Amino acid sequence: MKRRKKKRGLQDTSKMFYLFISPWIVGFCVFTFFPMIFSFVTSFTNWSGLDFPTKFGFDNYRQIFTADNSFWTALKNTFYYVGVSVPLNTAVSVGLAMLLNKRLPGTNFFRAVFYLPTICTGVALYIAWMYLYNGDTGFINVLLAKIGIEGPRWLTSYTMAMPSIILMDMFACGTSMTIVLAGLQDIPSTYYEAAELDGANALRKFRHITFPMLSPVIFFNVLMAIIKGVQIFTQPYVMTEGGPARATFVYGLYLYNTAFSYVKFGYASALAWILFAILIIVSLIIFGTSKFWVFYREDVN
């Protein structure tokens, strides 16, 4: 009798569990899983979004890799953005976290100050940066002029447009900084005390204690930054529209234009799945190489 009651109680608990998660399951199926399957099917068609597709085959993928120069331009610009912004933001977030980990007066205030740009994200922030980057009346160039330096044409120069976006994104590293700060506070102080007794300087302590103990956190931040960076869209769309001379013409912008400006939803779906494949490959490479530089607590001990 007790076993039957226990079994019935487990069944009731299971029913309640599926009942509570059913809204998420329905939302996932309707807004994520089904659109993914639909986009995968349409990537093999010439669907325009307004009529029924008339062809089914690999023409989209063949054209992308053999005859689409815009694809390679967008891919190159995206890799340029990711290759510069991810190491830069990682280094800045680690450096700021180490400074803010010190117990000094006003530390909590500066933690809030450095995290604030992360909260104020979106189109409004990018428009504000457009005013700051203005070549004639922008605050940055006005400030540089006061010290005798002629500021560049930040967003209208072919060589400065992408670095300007990368520099702007560097100020929004508050989330990764906070994660690194939490990792720093999880490192036992006894490790540093033992190193000091052995005469280790600051560089040796960072190399042999801080970095190994922080490597899982850095690994997470790098992976998330790459995934986010490959999908960059809003910044160049709002600030430069892909210019000048396609200097900021990134993959997300090309995909958006293909779907909604040129009304080629089938072709855009193929571009999206290629981007998905690139993310999978990059993630596998990062996970595969992590064994050489990511150390966990049991490895350090």
Inset, instruction - Hey, can you tell me all the residues within region 122-141 that are surrounded by fewer than 17 Cβ atoms within 10 Å (Cβ to Cβ), over 17 Å from Q235 (Cα atoms) and touching a Gly at 6+ places or on another chain (Cβ under 8 Å)? - result: G135
Legend entry - Any hit, region 73-94, residues being at pLDDT 90 or above, within 27 Å of V222 (Cα to Cα), surrounded by 13 or more Cβ atoms within 10 Å (Cβ to Cβ) and of a type in the set (K, R): yes
Inset, instruction - Answer yes if at least one residue in region 50-69 is modelled with pLDDT under 90 and surrounded by 14 or more Cβ atoms within 10 Å (Cβ to Cβ), and no otherwise. - result: yes
Legend entry - Unique match (being part of a helix (DSSP H, G or I), out of contact with any helix residue (DSSP H, G or I) (no Cβ under 7 Å at 6 or more places or on another chain) and of a type outside the set (D, E)) among Y81, Y126, Y131: Y131
Legend entry - Filtered residues of region 19-44 (kept if surrounded by 10 or more Cβ atoms within 10 Å (Cβ to Cβ), of a type in the set (F, W, Y) and either in contact (Cβ under 8 Å) with a residue 60 or more places away in the chain or farther than 30 Å from D59 by Cα (or both)): F28, F40, F44
Inset, instruction - Give me a count of the residues in region 164-175 that are assigned to a helix (DSSP H, G or I) and either touching a strand residue (DSSP E or B) at 6+ places or on another chain (Cβ under 6 Å) or crowded, with 18+ Cβ neighbours inside 10 Å (or both). - result: 6
Inset, instruction - Count, please, the residues in region 227-256 that happen to be farther than 26 Å from L132 by Cα and at pLDDT 95 or above. - result: 3
Legend entry - Every residue from region 56-70 that is over 19 Å from S39 (Cβ atoms) and touching a residue at least 24 places away in the same chain (Cβ under 8 Å): S70
Inset, instruction - Quick one: Y115 ticks every box in (1) touching a residue at least 24 places away in the same chain (Cβ under 8 Å); (2) more than 29 Å from P216 (Cα to Cα); (3) not in a loop (DSSP other than H, G, I, E, B) except a single one, so which number is it? - result: (2)
Inset, instruction - Could you tell me which numbered condition S283 fails, if it satisfies all but one of (1) touching a residue at least 40 places away in the same chain (Cβ under 8 Å); (2) surrounded by 20 or more Cβ atoms within 10 Å (Cβ to Cβ)? - result: (2)
Legend entry - Any hit, region 267-280, residues being touching a strand residue (DSSP E or B) at 6+ places or on another chain (Cβ under 7 Å) and either under 30 Å from F211 (Cα atoms) or in contact (Cβ under 8 Å) with a residue 60 or more places away in the chain (or both): no
Inset, instruction - Restrict the check to region 191-210 and report whether at least one residue is buried (at least 19 other Cβ atoms within 10 Å of the Cβ), over 18 Å from the mean Cα position of the chain (by Cα) and not small (G, A, S). - result: yes
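Results for (1) touching a residue at least 24 places away in the same chain (Cβ under 8 Å); (2) small (G, A, S), shown as yes or no for each residue.
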residue	(1), (2)
A172	yes, yes
G183	yes, yes
Y192	no, no
I218	yes, no
A225	yes, yes
K228	no, no
V238	yes, no
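The values are calculated or read from the model by the stated rules, or taken from the named source; none is laboratory data. All figures in this text were calculated on a predicted structure; none of them were measured in a lab. Neighbour counts are summed over all protein chains in view; Cβ atoms, including those assigned to glycine, are modelled from backbone coordinates with ideal geometry.
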